[in-house]
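One structure below.
A short reminder: the numbers here are calculations on the coordinates, not readings from a lab. This is a predicted model, so every value here is computed, not measured. Note that each Cβ is placed from the backbone with ideal geometry, even for glycine, and that neighbours are counted across all protein chains shown.
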Amino acid sequence: MHYNLSSGSQIPSVALGVWRAPKDKTAAAVKTALKSGYRHIDGAWIYRNEEEVGQALKESGVKREDVWLTSKLWNTFHAPEDVEPALDDSLQKLGTDYLDLYIIHWPLAVPKDGKPADYDKELTANPYPTWQKLEEMVEKGKVRNIGVSNFNIRRLQNLTANPLKIQPAVNQVEINFWFPQVELLEFSRQTGILLEAYSPLGSAERVKDSLNVPEIKEVARMLEMTPAQVIISWHIQRGTIVLPKSETPSRVTENIHLKKLPEAAFVKIENAVRAHKPERGSNPSKNWGLDFDIFE
Ligand SMILES: NC(=O)c1ccc[n+]([C@@H]2O[C@H](COP(=O)([O-])OP(=O)(O)OC[C@H]3O[C@@H](n4cnc5c(N)ncnc54)[C@H](OP(=O)(O)O)[C@@H]3O)[C@@H](O)[C@H]2O)c1
């Protein structure tokens with residue numbers, strides 16, 4: 001399954017996420033993923049395992065053009081002159097000359113070698129100069145699609161109020177049973193900025209809770225699926241891309257064997273998701289010493 005982007009690209013709906021995959025387990029996870037049918041890897045410069053992803057892709061025998069590679073521009077490279085060198089570093093590590101998708105990892109412009117608390121207020125408030133450089137990377141052929149991550153509606157509206165040549169293709173944000181992003185999903189449907197669900201199982205901290213939700217367990221039993229498969233299928237049926245991470249080969253394979261949920265099962269989960277107060281799993285604002293909440 002894939003989604004069509006306005007650029008003409010087709011983005012596969014499920015990716016293997018590689019955040020917190022240790023260097024010595026990343027290549028095996030990526031190779032298992034490619035063997036099991038994944039054609040989309042969600043990585044980032046800051047995950048420090050791009051070389052392992054690139055090496056696994058090379059050794060897998062799967063052609064570069066058959067795999068969707070995403071990477072992310074780290075916070076310390078938002079200054080326009082730093083964007084292309086940062087992208088080149090990711091390209092070199094991944095062993096490729098283009099990315100399918102390059103996204104601004106966080107709406108926070110930190111000076112090179114600086115601390116998050118010393119962020120550049122102007123560039124953080126309006127990342128248009130960073131975006132223009134990303135547009136230039138598309139024109140140069142180094143990137144096929146560009147997008148953002150961790151942007152709320154206000155930040156998306158601010159960015160798109162600039163005279164963009166290319167609209168953001170995606171917004172990658174936390175979405176899971178505990179934090180369903182109902183409002184952002186509606187905004188995404190209206191604007192065509194596709195959502196990518198990160199921490200789709202609740203991340204390492206809440207994956208056990210997610211797999212134990214009674215409604216999810218019930219649907220899993222009824223459809224002879226695992227709870228993880230039910231959750232990943234639910235994400236796709238909501239119209240988002242989904243990025244489950246696993247460094248365990250059997251789980252990597254499990255997470256791509258999906259089924260369309262019957263309408264009643266989908267509604268049962270969607271109702272359960274909306275019945276509780278949204279709880280965000282992760283917010284780095286405090287750890288980064290910011291004087292504002294990055295999600296507000
Ligand atoms: N843009 C951003 O700021 C951002 C932030 C966070 C994440 N992401 C992206 O989203 C991806 C996924 O997010 P995430 O890693 O936070 O969370 P996640 O995919 O929701 O959860 C990962 C956890 O679930 C476990 N797991 C995976 N499949 C399982 C299964 N079938 N049964 C039981 N446990 C299972 C994994 O264990 P094992 O690995 O030990 O198998 C790991 O502990 C990341 O890798 C990254 O690509 C992006």
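Would you work out if the stretch 12-274 is rounded, prolate or oblate? Take a ≥ b ≥ c from the square roots of the eigenvalues of the alpha-carbon gyration tensor; rounded if a/c is under 1.5, else prolate when a/b is larger than b/c, oblate otherwise.
On the way: a/c = 1.95, a/b = 1.34, b/c = 1.46.
Oblate shape, in that a/c is at least 1.5 and b/c is the bigger or equal ratio.
Sum up the charges of everything whose Cβ sits under 14 Å from the Cβ of Thr226, counting Lys and Arg as +1 and Asp and Glu as -1, but leave Thr226 out.
So the environment of Thr226 carries a net charge of +2.
Which lysines does Lys268 reach when only Cα atoms under 28 Å apart count, and residues fewer than 8 places away in its own chain are ignored?
In chain and number order, the partners are Lys208, Lys217, Lys245, Lys259, Lys260, Lys277.
Treating only the Cβ of Lys, Arg, Asp and Glu as charged (+1, +1, -1, -1), what charge dipole size does the chain show about its Cα centre? Round to the nearest 20 debye. Could you put the intermediate results ahead of the total?
Details: 37 positive and 39 negative charges, 162 e Å.
Its charge dipole is roughly 780 debye.
Convex hull over the alpha-carbon atoms of the stretch 5-138: what's its volume per residue in Å³?
It is 112 Å³ per residue.
Using a simple charge model, +1 on the beta-carbon of Lys and Arg, -1 on the beta-carbon of Asp and Glu, nothing else, what dipole does the stretch 122-182 show about its Cα centre, in debye to the nearest 20?
100 debye
Provide Rg and Dmax in Å for the stretch 188-289, with only Cα atoms included in the calculation.
When restricted to the Cα atoms of the stretch 188-289, Rg and Dmax are 14.3, 47 Å.
What lysines sit close enough to Lys112 to cross-link, taking a C-alpha to C-alpha distance under 26 Å and skipping anything fewer than 8 places away on the same chain?
Here the lysines satisfying the reach criterion relative to Lys112 are Lys23, Lys72, Lys93, Lys121, Lys133, Lys140, Lys142, Lys286.
Only helical DSSP H runs with n ≥ 4 go in: add -39500 (n - 2.57) per run for the chain, normalise by residue count and round the 222 nm mean residue ellipticity to 500 deg cm²/dmol.
-12500 deg cm²/dmol
Which listed residue (Ala28, His40, Val53) has the Cα farthest towards the positive end of the charge dipole for the stretch 1-111, taking +1 on Lys and Arg C-beta and -1 on Asp and Glu C-beta about the Cα centre?
Value computed over the given set: Ala28.
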